[in-house]
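Peer 1: Would you mind keeping the following structure in view while I ask a few things?
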Amino acid sequence: ETPIAREKGLAFYDPARDPYSPERLTLVTELRKAIDENQLALWFQPKRCLKRNEIVGVEALIRWPGRQPTVFADELIAVAEQSGLIRPLTRWVMEQALGARKVLLEAGLDLTVSINISPNNLRERDFPLFVQRLMTSHHQHRGRLILEVTETSMMQDPANSMRTLRSLDHAGIPLAIDDFGSGYSSLSYIKQLPACEVKIDRSLITDLLSHIDDRIIVKTTIDMCHSLGYQVVAEGVEDEETTELLREMDCDMIQGYVLARPQPLAHLISQLRPEAGTSAL
Ligand code: C2E
Ligand code: MG
Ligand code: MG
Ligand code: MG
């Protein structure tokens, strides 16, 4: 990332992209405080199984409520990665996600909870140990907390990242490959990854109805993933027609605004609770 942005042949300084700008440093200080003082929040987006026609899991997404101006998840994570705060942040997210699993169970909803892991976390030597300890003290949730990693996140340090993923896999932690097809995918990596789920990036799903090329790529990806033993999730599904197309293509699960936007846990539970009659989702 460079603080010099280039556009139409002009180069200009963009303080938001400079990790050493006063703005950025203030943001780091604020973020550290927000983590320490428990000011961050997780919102949740449901994931639906197309075969069973039911919600099978939720993905936890970081939010910074009350922060003005708004700092979106992508920027928040970028700041956390550059400043080293991603280590405490991810650990906080995992504890919160397990807390959410417990609340869901108490509401009669046995759903998987997925969280996003940064490439930096994969390079922490004690990360697998941390996860194993956490799962030991929350053993009733073993196998139900899914870690999402992007394929690009592997590329920065493939050997170490792969070692971490293997020990997580041995510990029985389910892994998902996030944003598949968005970066510099390598088919040789995907076949080696000890994952159970592949999430096809939103950029390939958005124009599925109008772009024949995207349809070919998505259908081929689904078939390839199935042959390799992965479940497939389509990300960013926004309408019913796309859902039906994905069903015809034998896609296993969908996530996206067509079901629900990310929202606070209590909201989601009130939409999903069996007592409320048939689920609204
Ligand atoms: P992601 O893991 O690929 O999450 C999906 C993103 O797509 C989320 O954005 C979600 O709100 C958005 N989305 C879901 N369905 C739709 C849809 O139908 N249409 C559109 N236009 N968007 C949809 P969000 O919450 O802003 O998060 C962005 C990214 O930030 C995430 O991408 C993930 O890479 C990262 N992130 C979020 N929370 C965390 C976290 O706790 N830890 C880490 N390391 N990264 C996180
Ligand atoms: Mg994700
Ligand atoms: Mg994604
Ligand atoms: Mg993403």
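Peer 1: For region 220-256, enumerate the residues that are away from ligand 4 (no atom under 16 Å from the Cβ), touching a residue at least 12 places away in the same chain (Cβ under 8 Å) and open to solvent by 70 Å² or more (accessible area, probe 1.4 Å).
Peer 2: 228, 231, 240, 241, 247
Peer 1: Which condition breaks for residue 211 when tested against (1) within 16 Å of ligand 4 (Cβ to nearest atom); (2) farther than 22 Å from residue 100 by Cα; (3) not polar (S, T, N, Q)?
Peer 2: Failing condition for residue 211: (1).
Peer 1: So, in region 42-55, of the ones that are crowded, with 16+ Cβ neighbours inside 10 Å and of a type outside the set (Phe, Trp, Tyr), which residue ends up farthest from residue 144 (Cα to Cα)? Walk me through it before giving the result.
Peer 2: Within region 42-55, the first condition is being crowded, with 16+ Cβ neighbours inside 10 Å, and the residues that meet it are 42-48, 50, 55.
Checking which are of a type outside the set (Phe, Trp, Tyr) leaves us with 42, 45-48, 50, 55.
Numbers: 42: 17, 45: 16, 46: 14, 47: 14, 48: 15, 50: 19, 55: 14 Å.
In this case the residue turns out to be 50.
Peer 1: Taking only region 172-194 into account, find how many residues are over 19 Å from residue 238 (Cα atoms) and either assigned to a helix (DSSP H, G or I) or open to solvent by 20 Å² or more (accessible area, probe 1.4 Å) (or both).
Peer 2: Just the residues of region 172-194 that are over 19 Å from residue 238 (Cα atoms), to begin with: 172-177, 183-194.
Next cut, either assigned to a helix (DSSP H, G or I) or open to solvent by 20 Å² or more (accessible area, probe 1.4 Å) (or both) only: 172, 174, 183-192, 194.
The qualifying residues number 13.
Peer 1: Report yes if residue 213 is open to solvent by less than 70 Å² (accessible area, probe 1.4 Å) and at pLDDT 95 or above, otherwise no.
Peer 2: Values: open to solvent by less than 70 Å² (accessible area, probe 1.4 Å): no; at pLDDT 95 or above: yes.
No: the conditions fail for residue 213.
Peer 1: Same structure again: Looking for something open to solvent by 20 Å² or more (accessible area, probe 1.4 Å), more than 20 Å from residue 77 (Cβ to Cβ) and part of a loop (DSSP other than H, G, I, E, B) - is there at least one such residue anywhere in region 151-162?
Peer 2: no
Peer 1: Let me ask something else. Scan region 140-166 for residues that are of a type in the set (S, T, N, Q) and within 15 Å of ligand 4 (Cβ to nearest atom) and report the count.
Peer 2: Here is the first cut: in region 140-166, the residues of a type in the set (S, T, N, Q) are 140, 150, 152-153, 156, 160-161, 164.
With the extra rule that they be within 15 Å of ligand 4 (Cβ to nearest atom), the set shrinks to 150, 152-153.
The number of residues fulfilling the criteria is 3.
Peer 1: Report every pair of residues separated by at least 6 positions or lying on different chains whose Cβ atoms are under 6 Å apart, first residue within region 180-201 and at pLDDT 95 or above, second open to solvent by 30 Å² or more (accessible area, probe 1.4 Å) and away from ligand 3 (no atom under 11 Å from the Cβ).
Peer 2: Listed by first residue and then by second, the contacts come to 197/231.
The values are calculated or read from the model by the stated rules, or taken from the named source; none is laboratory data. All of these numbers come straight from a predicted model, not from anything done at the bench. In this analysis, Cβ positions are derived from the backbone assuming ideal geometry, glycine residues included, and neighbour counts consider all displayed protein chains. To get the accessible areas, we keep the full protein, side chains included, count just its heavy atoms, and leave off ligands, DNA and RNA. Shrake-Rupley method; radii C 1.70, N 1.55, O 1.52, S 1.80 Å.
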